[in-house]
Amino acid sequence: MAADGTHPLRGARSLSLAVLCILSVATLHAQVEERDQELADFIRSHYEKHEYRVPMRDGIALYTAVYVPNDHATAYPFLMLRTPYSCGPYGADRYPDHLGPTKQFPAEGYIFVCQDVRGRFLSEGEFVNMRPHLEGRRSPKDTDESTDTYDTIEWLLEHVEGNNGRVGQWGNSYPGFYTSAGAIDSHPALVAVSPNAPIADWFFDDMHHHGAFTLSLSFPFFAWFGHPHPAPTTEWPTRFDFPTPDGYQFFLDLGSVANVDRDLLKGDVAFWTEMARHPDYDSFWRSRAILPHLRRISAAVMTVGGWFDAEDLYGSLHTYQAVEAQNPGIFNVLVMGPWRHGGWLRQDGRTLGDADFGFPTAEVFRARAMVPFFRHYLKGEGDLDLPEAWMFETGADRWREFAHWPPTGLEERTLYLREHGALAFEAPTVGDAEDFEEFVSDPANPVPYTPAVTTAWHAEYMVEDQRFAAHRPDVLVFRSPPLEEDLTVAGPLTAHLWVATTGRDADWVVKLVDEYPGRLPGHDPDAGGTDRGGTQRMVRSEIFRGRYRASYEHPEPFEPGKITEVVIPLQDVLHTFLRGHRVMVQVQSSLFPLFDRNPQSWVPNIFQARPEDFVKATHRVWRTAAHPSRLEIGVLPAAAPVVVPVGEKAN
């Protein structure tokens with residue numbers, strides 16, 4: 001032992017490990033760059049690029065890049081991407097460094113198609129965000145994204161030689177919306193579509209969550225994406241240059257969200273200005289919701305999403321459900337993995353933030369699902385071994401197969417918020433007198449959604465350790481005793497909060513958290529690495545703007561002091577709380593700056609809130625027999641079958 005209390009060999013070993021880590025990371029980056037270059041070289045040497053102006057039924061021409069295998073030995077199917085994010089690089093002699101959903105696809109052999117949607121980059125016409133679908137078109141020249149897809153397919157079949165008459169379509173995020181839209185009134189040649197993390201309804205995903213506005217996600221996005229293209233262009237707009245890396249402080253200093261348009265966008269982003277005039281779920285938003293229109297689909301559908309997708313988790317789950325309900329008899333499956341937004345496409349999926357799932361989950365998905373799905377339907381090759389729902393079970397870290405989603409046979413259970421910060425399956429029996437928890441919600445000091453210092457939305461926040469929030473006085477914490485056996489929660493979650501506030505409006509946040517034991521088996525403090533003991537891993541969270549508790553279209557203020565029920569739908573989960581872990585629920589009133597601040601006074605339109613509208617309020621959450629705040633869950637019986645494909649981790 002050295003005089004300063006350190007162990008000389010231990011210090012040397014730590015230094016050596018640090019050096020090895022640096023070298024291994026550098027080597028890994030070099031290997032990745034080499035593989036990326038090999039893929040780019042393969043694409044250039046094996047594909048011929050053609051650029052077309054494809055006419056739509058109203059005369060507008062859409063830029064379309066087509067990459068055809070140059071062996072001309074066989075007929076190939078089309079695999080199409082329609083996107084608002086550019087089909088560059090532009091020019092017949094310039095090639096992209098990837099084609100198709102994943103790196104495996106160029107070697108598979110498809111005629112790859114990329115199309116700029118109307119009004120974006122080199123395509124003509126007017127761009128409309130989440131262009132509404134037209135039911136009952138009045139004119140043969142009426143267009144929407146479904147007709148543009150249909151017209152494109154018709155043109156490709158006639159003008160691109162060497163095709164086998166089959167078309168597939170895929171897209172992630174906004175292109176996922178275009179994939180969903182393209183499947184409506186499916187062209188007979190469109191036989192397979194895969195919406196990945198598709199936008200479905202901007203009042204519930206991406207832009208809003210139950211009326212709360214996603215400030216730090218939406219502002220950076222529209223600050224560059226929202227600027228109009230007055231004419232076809234190959235230029236990307238400039239991204240907003242934040243004056244600080246500290247997004248929390250930046251948005252706090254900005255003040256009211258009203259200042260975004262006035263001070264930052266300066267009225268140049270028409271959609272933002274228009275959006276700010278529609279704070280409620282009126283026809284402006286309803287017309288852009290694609291879910292009710294997902295009908296008359298004949299193509300096979302594989303919807304893909306990530307349990308930890310901070311943008312379009314809602315879109316993945318609800319697109320699958322809408323297709324299933326409105327198109328009986330078609331092939332329609334859902335795949336959900338432990339991924340961030342789009343993390344299944346080019347990452348290996350073993351880790352997310354400091355969460356480690358034990359094996360490369362995304363690589364397994366690509367090998368079993370993404371590649372075989374299109375190969376089977378577009379080429380007629382191979383059997384497709386996919387269940388109705390192929391879902392990753394977090395906590396236990398394994399894949400499971402279900403014939404239905406949500407699973408049948410779930411046991412409906414209720415977790416009650418109890419006295420002294422307890423969480424229990426037993427309902428409270430006490431009266432209302434003083435049996436509530438309370439906290440002060442201060443818009444000048446909102447609860448951060450992440451401890452990370454960042455100006456963008458922090459994609460890993462959905463798996464982050466919540467101890468940074470649990471220690472705050474404006475966050476209520478309820479925890480179960482250590483579990484005596486594993487508890488698997490599956491399907492949708494619904495929180496019922498009985499609340500009162502001294503203000504006239506309030507946001508309510510509910511988080512379901514997996515609390516690890518203080519000492520984790522197998523951790524060796526002398527071996528280095530982070531001690532995860534006591535981690536409060538977030539499983540699911542949701543925010544609800546209280547003014548919409550009775551109607552999303554017609555908001556209502558709270559009556560100060562009156563006990564009121566707020567029902568908060570949380571997105572689905574499939575998570576096992578392992579024996580020895582605790583189930584935790586946290587309740588708070590802000591997730592800033594991911595979501596904008598609620599002024600807590602009554603403002604008809606929060607986009608027009610003034611500085612004096614932001615006031616402190618005391619919030620109370622009841623936990624009594626008459627007003628039992630609770631979380632309703634579905635529990636998967638222990639006897640439910642577990643399917644773990646060969647080569648994957650099984651617990």
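The values are calculated or read from the model by the stated rules, or taken from the named source; none is laboratory data. Only a predicted model underlies this, so the values are computations on that prediction, with no experimental measurement involved. So basically every Cβ, Gly included, is an ideal-geometry build from the backbone, and we count neighbours across all protein chains shown.
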Seminar exercise, completed: Over segment 435-457, the set of residues over 27 Å from H420 (Cα atoms) and polar (S, T, N, Q) is T454, T455
For this session: Quick one: A490 ticks every box in (1) surrounded by fewer than 21 Cβ atoms within 10 Å (Cβ to Cβ); (2) under 20 Å from the mean Cα position of the chain (by Cα) except a single one, so which number is it?
Result: (1)
Problem set entry | Residues satisfying the stated conditions in segment 158-183, i.e. buried (at least 23 other Cβ atoms within 10 Å of the Cβ) and either without any contact (Cβ under 8 Å) to a residue 40 or more places away in the chain or of a type in the set (A, V, I, L, M, F, W, C) (or both) | V167, W170, F177, A181, A183
Exercise. Among (1) in a strand (DSSP E or B); (2) surrounded by 21 or more Cβ atoms within 10 Å (Cβ to Cβ), which single condition is L594 missing?
Worked result: (1)
Exercise. Failed condition for A625, given (1) modelled with pLDDT under 95; (2) under 30 Å from H404 (Cβ atoms), with all others met?
Worked result: (2)
For this session: Provide a single number: the residues in segment 287-325 that are free of Cβ contacts under 8 Å to residues at least 40 places away in the same chain and surrounded by fewer than 16 Cβ atoms within 10 Å (Cβ to Cβ).
Result: 2
Exercise. Looking at segment 146-157, which of its residues are surrounded by fewer than 21 Cβ atoms within 10 Å (Cβ to Cβ) and charged (D, E, K, R)?
Worked result: D151, E154
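Residues are listed down the side, and each one gets a yes or a no for (1) touching a His at 6+ places or on another chain (Cβ under 9 Å); (2) at pLDDT 95 or above:
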site: T394; (1), (2): yes, yes
site: E411; (1), (2): no, yes
site: A424; (1), (2): no, yes
site: D432; (1), (2): yes, no
site: A444; (1), (2): no, yes
site: H458; (1), (2): no, no
site: R472; (1), (2): no, yes
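When the residues of segment 184-210 are narrowed to those that are in a loop (DSSP other than H, G, I, E, B) and small (G, A, S), which ends up surrounded by the fewest Cβ atoms within 10 Å (Cβ to Cβ)?
A189
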Exercise. Looking only at segment 374-401, which residues are under 22 Å from the mean Cα position of the chain (by Cα) and surrounded by 19 or more Cβ atoms within 10 Å (Cβ to Cβ)?
Worked result: A389, W390, M391, F392, E393, T394, G395, A396, D397, R398, W399, R400
For this session: Evaluate the following for V371: is it among the aliphatic types (A, V, I, L, M) and either buried (at least 17 other Cβ atoms within 10 Å of the Cβ) or in a helix (DSSP H, G or I) (or both)?
Result: yes
